[in-house]
Structure formats: C-alpha cells, structure tokens
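A short worksheet on the structure shown next.
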Amino acid sequence: TLRYLMRQLLVLGLVNPQAHYRLEANRWLSEIALLLASRFSRPLTAQAPRGAERWSQRINRVVARIDANYQRRLSLQEIAAAEFVSEAWLSRLFRKEVGVSFMQYITGLRLRKAAEQLTTTRQSIQQIAQQQGFASSRVMSDLFKREHGLTPRQFRQQHPQTAVESLRPHLQQT
C-alpha cells in the first residue's frame, strides 16, 4: 500500500543515503506512482453506469452504495436494511431496473476493476483479488476466466501496461 511504499522510501534514505540511493529511490517512487495511477486513473468526472439515468432514485442509491463498498463483503440483506425494504423486493427491483442480479452486478464490477488493475499495476493476482473483494485469488481466477476466456495471468500478458509504462520516463528524471 501507499503507506508501506512511503515507509520503504523513508527507511532507505535514513539507512543508506549515499550508495545507490537515487536508483533505489526511483524504484520506490515508481512503485508509488504505479499505485497512485491505479487508484486514480479514472477521469475526475466519473461516468454514470449504463442505464443510470433510467433507474429509480432507490436503485441509484443502491448502486452508489455498491460502487463505494464493493471491495468489502456486501450482502443484499445489508443493502435492503439500509433502504428499509425487504431483500426479496429489492432483489426483484434491482434485476428489473439494472438487468442483472445484485450479485452479478457486484461480481461484474469487481472483475472490471481487477482487469483494470491487471493492466495498470504490477501487483500480484492475490493482492488484486483481495483488494477487489474476492474471497480468494482462486475464486477471482475462476470468475475471470469464465468472463474473459483467459486467466488473470494470461489477460495481463495480452494487455501490456501501457498507461503505467508511459509514467516511467517522468519518474526517472527526478
């Protein structure tokens, strides 16, 4: 995480400020930039999910809650309680308006975010799975392969880190 990377950079400067410091510092700064790029690579004005303009206010609130919390364990029961409605009713409304079930929406969102991280970071598949709220890297890999026809590793190999690589020349100049 960012805190860990910053700590590594600080410790490096305190322990050995002369020998190879610049190269090692550039390495840690690159890691920090990669992390920041992966977290903030979205445009400042986030686009509404497809169909959001046709959704009811309730479903817009539910989707906003999911989008803000998809990285942790979410349940229909929790969301329904927050909306003061029954799970069954919310489940039917969600499927009717969004076109997929509550769990399909969350899983799809997690898979999109995982694919984005695979192409913009060098984090391990296990780290990505954990950050995106999957129960395990195995679960993510199985779902990812079902969705994309490729394992996360194969997907990463076929989609080079172009956005991240473009940052490297700027980082090495400092």
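The values are calculated or read from the model by the stated rules, or taken from the named source; none is laboratory data. Given the structure is predicted, the values throughout are model-derived calculations rather than measurements. Reconstructed Cβ throughout: ideal geometry from the backbone, glycine too, with neighbour counts over all protein chains shown.
Quick notes
- Segment 61-103, subset within 25 Å of the chain's Cα centre (by Cα) and farther than 24 Å from Ala135 by Cα, residue surrounded by the most Cβ atoms within 10 Å (Cβ to Cβ): Val98
- From Leu23, Leu34, residue being part of a helix (DSSP H, G or I), buried (at least 18 other Cβ atoms within 10 Å of the Cβ) and at pLDDT below 95: Leu34
- The set of residues from segment 87-107 being among the small types (Gly, Ala, Ser) and either within 13 Å of Val62 (Cα to Cα) or modelled with pLDDT under 95 (or both) comprises Ser91, Gly99, Ser101.
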